[in-house]
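Here the structure is laid out as C-alpha cells; the discussion comes afterwards.
The values are calculated or read from the model by the stated rules, or taken from the named source; none is laboratory data. Please read these numbers as outputs of a predicted model, since none were measured by experiment. Heads up, the Cβs are rebuilt from the backbone with ideal geometry, glycines too, and the neighbour counts pull from every protein chain shown.
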C-alpha cells in the first residue's frame, strides 16, 4: 500500500511540475478563448533589427541566443484575474523560476521578470509579466544560454509593445 | 527510349522543385472548390487612393507590393492544412521561413516569408499569410520587394 501511495505521489509531482518550460506554458493558452497568442520566430527578429551598424553584431548575437519569442495576452476582464493568478503560481511561487525584479510602472502597471536556469547554470527561460489592470501580457523567451545583458539589446533593436520593458533590466 | 525516360525524369524533377509561391498558389487554384483572385499592385494602390483613408506611410508600403494572390475555400476542405504542411517542409529546407503565428478568438494567422536570393540582401520578396477563421480558409500571397524597414512597419501594425 505504501508503495502505491508513493507511486501516486511521484506521478502527481511529475504531472504538476510538467508545464515548466515557457513553451509548455504557451501551449496551455494557445487557441484558448479570451486569450491572444503571438509567436514570433527567431528569423523574424533577425530581419527586424533596427540598430546602428556598430550595434548590429551585438543585436544578432542577442537574436541567436533565443529560439523565438512567445506572447500571451489576456484582454478579457474575466480572464485577466485568473491569468494573473496562474502566473503568480507558475512563476512567483515556484522554486523552479527565480524572480529577477519587480517594477511599479509610471502608469500603475506592474512588471515582473523571472528566469529559470538549466542544470548547467545557463538561463534557459526568461519571463516578463506586464499587468496593466485591464490587460495582462506574458512574454516568454526560451533559449540555450540567455544573457540578460544581451536581452536588453533585443528591446533596443525592435519596436514591439511590451518587449521594450526589457530595457529596464538592471 | 532511354533518352525519353531521362527527359521525363528531368521534367518531373523540375516540376517537383517548382516551389515559388506563384506556382504553389496556381496549383491550389486549379482545384474546383478553391476560388482564386489575383490583384496587381497598381490596382491595390488605386483602390487605396480612392478610399482616401491611407496614410503616406502605408502608401509607401503599398508601393512595394507587385501582386497579391488570394485563395479562398468555404468547403471545409483540407486546403489550408495541406498548404501549411507544404510550407512547413519548405521551411525546414529554409526556402520559406516561419515568421509569426497569431491566434485570437478562434482565428489563426500564420505568416511565412521567402527571403530574397542573396543572404546579404536581407529582404523578402514573398509573404504568405494563412488565415483560418471558423469555416473560412484564406491564403494570401503577397509578392513584392520588401526591405527590413517595410517588415518592421508591418509587424508593428500586427503587434498593435
Test: residue in the range B:69-83 that is part of a helix (DSSP H, G or I) and loosely packed, with under 15 Cβ neighbours inside 10 Å:
yes
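If I ask for residues that are without any contact (Cβ under 8 Å) to a residue 24 or more places away in the chain and assigned to a loop (DSSP other than H, G, I, E, B), which ones from the range A:91-103 would you list? Lay out the reasoning, then the answer.
First, the residues of the range A:91-103 that are without any contact (Cβ under 8 Å) to a residue 24 or more places away in the chain: A:92-95, A:98-99, A:102.
Of everything in the range A:91-103, those that are without any contact (Cβ under 8 Å) to a residue 24 or more places away in the chain and assigned to a loop (DSSP other than H, G, I, E, B) turn out to be A:93, A:94, A:95.
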Inspect all residues belonging to the range B:50-65 and state whether any of them is within 20 Å of residue A:40 (Cα to Cα), in a helix (DSSP H, G or I) and within 14 Å of chain A (Cβ to nearest Cβ).
no
Please work out if residue B:32 is within 23 Å of residue B:128 (Cβ to Cβ), in contact (Cβ under 8 Å) with a residue 40 or more places away in the chain and not in a helix (DSSP H, G or I).
no
All conditions in (1) surrounded by fewer than 10 Cβ atoms within 10 Å (Cβ to Cβ); (2) at pLDDT below 90 are true of residue B:10 except (1)
When the residues of the range A:67-100 are filtered to those that are touching a helix residue (DSSP H, G or I) at 6+ places or on another chain (Cβ under 8 Å) and over 16 Å from residue A:132 (Cβ atoms), which remaining residue is surrounded by the most Cβ atoms within 10 Å (Cβ to Cβ)?
A:69
Please return the ranges of strands (runs of 3 or more DSSP E) entirely within the range A:104-170 where 1 or more residues are within 14 Å of chain B (Cβ to nearest Cβ) and closer than 23 Å to residue A:88 by Cβ.
A:123-131, A:136-143
Would you kindly identify the helices (runs of 4 or more DSSP H) lying entirely within the range A:39-90 that contain at least 3 residues that are at pLDDT 90 or above and either more than 23 Å from residue B:108 (Cα to Cα) or more than 9 Å from chain B (Cβ to nearest Cβ) (or both)?
A:77-87
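Within the range A:1-38, restricting attention to residues that are away from chain B (no Cβ under 14 Å) and in contact with a strand residue (DSSP E or B) (Cβ under 9 Å, 6 or more places away or on another chain), which residue is modelled with the highest pLDDT? First the steps, then the outcome.
Here is the first cut: in the range A:1-38, the residues away from chain B (no Cβ under 14 Å) are A:1-22, A:24-25.
Filter again for in contact with a strand residue (DSSP E or B) (Cβ under 9 Å, 6 or more places away or on another chain), leaving A:20-22, A:25.
Details: A:20: 64, A:21: 75, A:22: 82, A:25: 86.
Checking each candidate, the answer is A:25.
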Of the residues A:112, A:131, A:147, which is without any contact (Cβ under 8 Å) to a residue 40 or more places away in the chain and touching a helix residue (DSSP H, G or I) at 6+ places or on another chain (Cβ under 8 Å)?
A:112
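Condition check ((1) within 20 Å of residue B:84 (Cβ to Cβ); (2) modelled with pLDDT of 85 or more; (3) touching a helix residue (DSSP H, G or I) at 6+ places or on another chain (Cβ under 9 Å)) across all residues:
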residue: B:19; (1), (2), (3): yes, no, yes
residue: B:29; (1), (2), (3): yes, yes, no
residue: B:32; (1), (2), (3): no, yes, no
residue: B:36; (1), (2), (3): yes, yes, yes
residue: B:42; (1), (2), (3): no, yes, no
residue: B:51; (1), (2), (3): no, no, no
